[in-house]
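These notes concern the structure reproduced below.
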Amino acid sequence: EPEVTQTPSHQVTQMGQEVILRCVPISNHLYFYWYRQILGQKVEFLVSFYNNEISEKSEIFDDQFSVERPDGSNFTLKIRSTKLEDSAMYFCASSGTVSGNTIYFGEGSWLTVV
Amino acid sequence: KQEVTQIPAALSVPEGENLVLNCSFTDSAIYNLQWFRQDPGKGLTSLLLIQSSQREQTSGRLNASLDKSSGRSTLYIAASQPGDSATYLCAVCGHTDKLIFGTGTRLQVFP
């Protein structure tokens, strides 16, 4: 069964460093997402991406964050100048269409900022 | 602003019981509702997707119902097994393409 794959599974970084989280969405999907889950809290939407541009972003997704689809398969989340409160599990997701199809999630990248 | 609530927050039952997990949402203008399973430290596994025009969906021992007008969904798990132990999340998709998640129900099924 096709799946969304994410790397790395776990990353520890020092405060102030830049982090890139990588995702390979399901190959025929068109819509891509990043969500995050701080330990013990709800899963929160960060950003959605379609047709090589951001279609929606949350209040959390400020100038510190950026997304990119550098080639036909990868979808990345860059976090600049990481802060302690950025420590969370970051999930990539993809779907074939918007609002109608199942959204499939990856296993997550656990980011620890120290 | 859409709010999604799940009750109970935690549930511990003996194997074999039939279970009902509840999800409520404040804005009935949704396109669909999705139930997920999350194992500790793991990703989200989609269980069932119910479109706003549907009343229920079934997959194996799982049945999810949707009452959009009252802002409620239930996930029914028949004949629970220890392998069903996980956190169950519901999420609604509204007029934008983002999911709004509930806080989840942490289920433990003991032998």
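The values are calculated or read from the model by the stated rules, or taken from the named source; none is laboratory data. Quantities reported herein were computed from a predicted structural model and do not represent experimental measurements. Backbone-built Cβ (ideal geometry, glycine too); neighbour counts: all protein chains shown. Each accessible area value is taken on the protein alone, full model and side chains, heavy atoms only, with ligands, DNA and RNA left out. Shrake-Rupley method; radii C 1.70, N 1.55, O 1.52, S 1.80 Å.
Here are the numbers for the structure shown:
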{"read-out": "B/A buried area, accessible surface, summed, 1.4 Å probe, Å²", "value": "1800"}
{"read-out": "Under 20 Å from the Cα of A:LYS42 - aspartates and glutamates, other chains or at least 8 residues apart", "value": "A:GLU56, A:GLU59, A:ASP62, A:GLU85, A:ASP86, A:GLU107, B:GLU3, B:ASP27, B:ASP39, B:ASP97"}
{"read-out": "Taking chain B and dividing mean pair separation by its residue count, relative contact order in percent (alpha carbons under 8 Å, at least six apart)", "value": "37"}
{"read-out": "Karplus 3J(HN,Hα) series, Hz, for region B:65-79 with 6.51 cos²θ - 1.76 cosθ + 1.60 (x for Gly, Pro)", "value": "10, 9, 10, 5, 5, 9, x, 9, 9, 10, 10, 9, 10, 8, 6"}
{"read-out": "Cβ-placed point charges (K, R +1; D, E -1), dipole of region B:27-92 about Cα centre in debye, nearest 20", "value": "40"}
{"read-out": "Region B:1-100: trypsin sites (Lys or Arg not before Pro) in DSSP loop, at most 15 other beta carbons within 10 Å", "value": "B:LYS1, B:LYS42, B:ARG55, B:ARG61"}
{"read-out": "Per chain B, cysteines lacking a partner by the 4.7 Å Cβ criterion", "value": "B:CYS93"}
{"read-out": "Those GluC sites (Glu not before Pro) in region B:2-64 that DSSP places in a loop and that have at most 14 other beta carbons within 10 Å", "value": "B:GLU3, B:GLU15, B:GLU17"}
{"read-out": "With DNA, RNA and ligands ignored, accessible area of A:TYR90 (1.4 Å probe; Å², nearest 10)", "value": "0"}
{"read-out": "Charge dipole magnitude, Cβ of K and R +1, D and E -1 - the protein assembly as shown, Cα centre, debye nearest 20", "value": "180"}
{"read-out": "Exposure of A:VAL113 as accessible area (Å², to 10), given a probe of 1.4 Å and all protein chains", "value": "10"}
{"read-out": "Qualifying chymotrypsin sites (Phe, Trp or Tyr not before Pro) in region B:4-40, DSSP loop, other Cβ atoms within 10 Å at most 16", "value": "B:TYR31"}
{"read-out": "Dipole of chain A, positive direction: furthest Cα of A:LEU84, A:VAL24, A:ILE60, with charges on the beta-carbon", "value": "A:LEU84"}
{"read-out": "Only Lys, Arg (+1) and Asp, Glu (-1) charged, at Cβ; region A:1-94 dipole about Cα centre in debye", "value": "140"}
{"read-out": "Rh (Kirkwood; distinct C-alpha pairs) - chain B, Å", "value": "13.9"}
{"read-out": "Directionally averaged shadow of region B:10-71, computed from the convex hull of its alpha-carbon atoms, nm²", "value": "5.3"}
{"read-out": "Partner chain coverage, peptide A:85-94 - average Cβ within 10 angstrom", "value": "1"}
{"read-out": "Exercise: per-residue mean of other protein chain Cβ atoms within 10 Å, A:104-113", "value": "3"}
{"read-out": "Pair B:TYR76, A:SER73: separation of 7 Å Cα→Cβ label points (nm)", "value": "4.4"}
